[in-house]
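K.L.:
Quick one: this structure, given as structure tokens, is what I'll be asking you about.
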Amino acid sequence: MLLGLCSALRSRALLLPLTPPPRTRTATLRRHTWPRATSSLSSPPPPEMEASTYKFGPYRIDAREVFHATPLSYAMVNLRPLLPGHVLVCPKREVKRFTDLSTGETSDLWVTAKEVGVRLEQYHKASSLTFAIQDGPQAGQTVPHVHIHVIPRRKGDFENNDEIYDAIDVKEKELKEKLDLDVQRKDRTMEEMSHEANEYRALFS
């Protein structure tokens, strides 16, 4: 499929080192602060979501980072999003490869990604969406758990549109390093991610 910038996650985890292929070019990202709604209060996830256990490969995901869930899939905010609204949609079952998903899981995963994308595109006043999967290590996957990168897009967010795929690889590597080293997150705190998840959660209520 496409790629998948698994940019997201966790404050504490231990990943296996993985050396990505050398890049031959550098993506040029035009950084934007997109207009979006804000709220002053951040509420906890609903009881049914808080009671669930969310896994992302070998990592446990804090329920505060999850903003939408179905019986088979869940969507979470990103530790280091490439663009505003860049989130991950994953199967609840820990599955390494896309081809190992059941028919029901495959259908639910894509329907969930579609529903998430529609809402985030509107929320962030975007005009397009990138859906990306990196299926396997040679495709750039660093966390062994199927996930779809859902990224709202706007004109001019990248100088060359195809550069987003190189940028996804870079972010995937950064995510893995953050999880491996358990370094303090500078760009996104749990409070920030929880606040964002809370705003996205309201889109599904």
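K.L.:
Shape call for the range 54-202 from the C-alpha gyration tensor, a ≥ b ≥ c root eigenvalues: rounded (a/c under 1.5), prolate (a/b greater than b/c) or oblate?
P.N.:
Judged from the Cα gyration tensor, the range 54-202 comes out rounded (a/c under 1.5).
K.L.:
Carbon-plus-sulfur fraction of the accessible area of the range 83-170, 1.4 Å probe, in percent?
P.N.:
On the range 83-170, the fraction of accessible area on carbon and sulfur atoms equals 48 percent.
K.L.:
Still on this model: Counting only other residues whose beta carbon sits under 10 Å from that of Lys92, what net charge do I get with K and R as +1, D and E as -1?
P.N.:
Surrounding charge for Lys92 is -1.
K.L.:
Could you give the accessible area per residue of the range 60-153, probe 1.4 Å, as a whole number in Å²?
P.N.:
Computed with neighbouring chains in place, this is 37 Å² per residue.
K.L.:
Right, something else. What residues qualify as long-range amide H neighbours of Ile61, i.e. H under 5 Å apart, gap of 5 or more or another chain, H built at 1.01 Å from N?
P.N.:
Hits under the 5 Å cutoff: Tyr54, Lys55, Phe56.
K.L.:
So, one more: Would you mind working out the magnitude of the charge dipole of the range 54-202 relative to its Cα centre, with +1 at each Lys and Arg C-beta and -1 at each Asp and Glu C-beta, to the nearest 20 Debye?
P.N.:
Using only the charged Cβ atoms, the result is roughly 320 debye.
K.L.:
Can you list which of the trypsin sites (Lys or Arg not before Pro) found in the range 134-167 are DSSP loop residues with at most 16 other C-beta atoms within 10 Å?
P.N.:
Qualifying residues, ordered by number: Lys155.
K.L.:
Working with all protein chains in place, sort Ser102, Ser194 by solvent-accessible area computed with a 1.4 Å probe, largest first.
P.N.:
Ser102, Ser194
The values are calculated or read from the model by the stated rules, or taken from the named source; none is laboratory data. Keep in mind the model is a prediction, meaning the values are calculated, not measured. Positions of Cβ are generated from backbone atoms using ideal geometry, with glycine treated the same way; all protein chains shown enter the neighbour counts. To get the accessible areas, we keep the full protein, side chains included, count just its heavy atoms, and leave off ligands, DNA and RNA. Shrake-Rupley method; radii C 1.70, N 1.55, O 1.52, S 1.80 Å.
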